[in-house]
1. Mean Kyte-Doolittle of at least -1.0 and a Cα length of 20 Å or more along the axis: which whole DSSP H helices of chain B meet both?
2. Would you mind giving the mean number of other chain beta-carbons within 10 Å of the Cβ of each residue in A:46-54, as a whole number?
3. Across the residues of B:161-169, average count of Cβ atoms on other protein chains within 10 Å?
4. Using only the Cα atoms of the stretch B:133-176, build the gyration tensor, take square roots of its eigenvalues as a ≥ b ≥ c, and label the shape rounded, prolate or oblate: rounded if a/c is under 1.5, else prolate if a/b is larger than b/c, else oblate.
5. Using the Cβ atoms and a cut-off under 9 Å, what net charge is assigned to the surroundings of A:Leu2, where Lys and Arg are +1 and Asp and Glu are -1?
6. For chain B, just run the numbers: alpha carbon Rg, then divide by 2.2 N^0.38 Å, N being how many residues it has.
7. Sequence-distant or interchain residues sharing an amide H contact under 5 Å with A:Phe31, placed H: which?
8. Compute the signed sum of charges (Lys and Arg +1, Asp and Glu -1) over the other residues within less than 15 Å, Cβ to Cβ, of B:Asn81.
Amino acid sequence: MLTRQRLKELLIAELMLDLKATDIGDDTPLFGPAGVGLDSVDALQLVVMLEKHYGFKMADQEQARQVLQSVDSIVQAVEGAKAVA
Amino acid sequence: MPRNILITGANGTLGLAIAEFFLSYEPDAIVHLGVRERRERAASLVERSEGRAKLVTLEITDPDAWKAAIEQIGSLDVLVNNAGFHDDVLLANMKADQWSRVLEGNLGSVFHGCQAALAVMMRQRGGRIVNIASLSAIHPPAGQTNYAAAKAGVVGLTKSLAKEAARMGITVNAVLPGYIEGGLPPEWSEEHLKALKMQLPMRRFARPAEVAAAVFFLASPEASYITGTALPIDGGMI
């Protein structure tokens, strides 16, 4: 199961962020200067990470853009996909 | 864990030298020799390698062939994009297909190879890509507008991809060899070769192992903070 805490730990470890989990709000935008500040390379790594660790595949870039907005949106998408499967 | 090394153009002088360097200096590595129809020299190396070298049929401009080759290997730790070819002619006389074939064969192939390798290396969170460009990328003679453009493109691709892949533990570098013994056009006369050598600071061409050594280093775990470089191997020529 993907929890918000676990996702934040993965983000910090895999994207090499110099942050603590408590620095990342559940609904803080992940991308852009007003948020955590991730970029397109991070997005690519997130896609690979979610597929590798949780078997969650995104159909296209548009879906990725919707899913990867925040910790909340990622957890909801991954857990939601498991509930449907 | 033994590393899987894939070298394209592995039937040629430089490809074989790179393969032999890995076999000599990385005792655990499995070296996969990417070849097409011409494969006699690579097959001979496989026979001598006691199971540590294997042939992989690979059409370098076909993305499906790349995917199949890497699936056949299983995992990929090092990709050496070495395959390439010349078709030298003055631009004024160059036919359109001489331009496009050289671009696709020397640059398009590197795009396809890097993309296929990246898909595996991203999941592994590590890898090494070494692209064999050419001194012609930065110091070309006349008659090589197609080849020089392609190899300059390889350098640009290398530098940009290095930035994309850096955070994933994947380094991407290029080497730019000058003239290499055994790798020069067979139609060049002895007189032409002698005159060429006299112009070089070392008055000799590179030995293939001297280029292979640089590739081996850039592909090594020890080169983990070197990425996006374009390393001339030219004996001081430029």
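Every read-out reported here was derived from the displayed coordinates using simple, explicitly stated rules and does not represent laboratory data. These numbers were taken from a predicted model, which means no experiment stands behind them. A quick note on method: Cβ atoms are made from the backbone with ideal geometry, for glycine too, and the neighbour counts reach across all protein chains shown.
1. Values: long enough: B:109-124 (22 Å, 0.68); B:145-165 (29 Å, 0.18).
Qualifying helices, which must be both long enough and hydrophobic enough, are B:109-124, B:145-165.
2. Other-chain Cβ atoms within 10 Å of each residue's Cβ, averaged: 2.
3. Numbers: counts 0, 0, 1, 3, 2, 2, 8, 7, 1.
Neighbouring Cβ atoms belonging to other protein chains average 3 per residue here.
4. Working: a/c = 4.79, a/b = 3.07, b/c = 1.56.
In terms of gyration-tensor shape, prolate.
5. Working: positive: A:Arg4, A:Arg6, A:Lys82; negative: A:Glu79.
Here the charged neighbours net out to +2.
6. In units of the 2.2 N^0.38 Å rule of thumb, it is 0.97.
7. A:Val36, A:Gly37, A:Leu38
8. Numbers: positive: B:Arg36, B:Arg128, B:Lys151, B:Lys159; negative: B:Glu59, B:Asp62, B:Asp77, B:Glu104.
Here the count lands on 0.
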